[in-house]
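Here the structure is laid out as structure tokens; the discussion comes afterwards.
All of the numbers you see were taken from the coordinates with simple rules; none came from a lab. All figures in this text were calculated on a predicted structure; none of them were measured in a lab. Neighbour counts run over all protein chains shown; Cβ positions are idealised from the backbone, glycine included.
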């Protein structure tokens, strides 16, 4: 019963991620064109645009993870690699948001406190996701090793 519920939840989340990815790709491609070639275009191409592409890659990693969970085989090294890739993508996104924060404070001189708070939040959020996914990947690696040892003893 619990396995069926998890399978349904995995399918629903996979559909949501696929729809989000399909919607995000055109937005990422069109967004620099909408900014009318001003200084905002350069800003978006070096900070926001890479974060958008990384978010699509991040969603793709979780689509692959849900696909493997549908097969009722969560403890394998493919999932460990998916979680490690997700953690690396999250770390890069955190670094990009931090660069954006420094850019806004020191180069543009942005004094909008709300924008600065959002950038600090995004930097901390993706750094926290990096730590969580890295720990989860190590747990999955150890569980996969234990599973393989257990399969060999039986």
message = I need the shape label for segment 56-104. Rule: rounded when a/c is under 1.5, else prolate if a/b > b/c, else oblate, with a, b, c from the alpha carbon gyration tensor.
response = prolate
request  = With a Förster radius of 30 Å, plug the Cβ-Cβ distance of residue 105 and residue 62 into 1/(1 + (r/R0)^6) and report the FRET value to the nearest 0.05.
outcome  = 0.40
key: Extended-chain gain in nm, criterion 0.36 nm per residue less alpha-carbon gap, residue 152 and residue 30   = 38.7 nm
note = Between the modelled labels at residue 115 and residue 73 (7 Å from Cα along Cα→Cβ) the distance in nm is 5.0
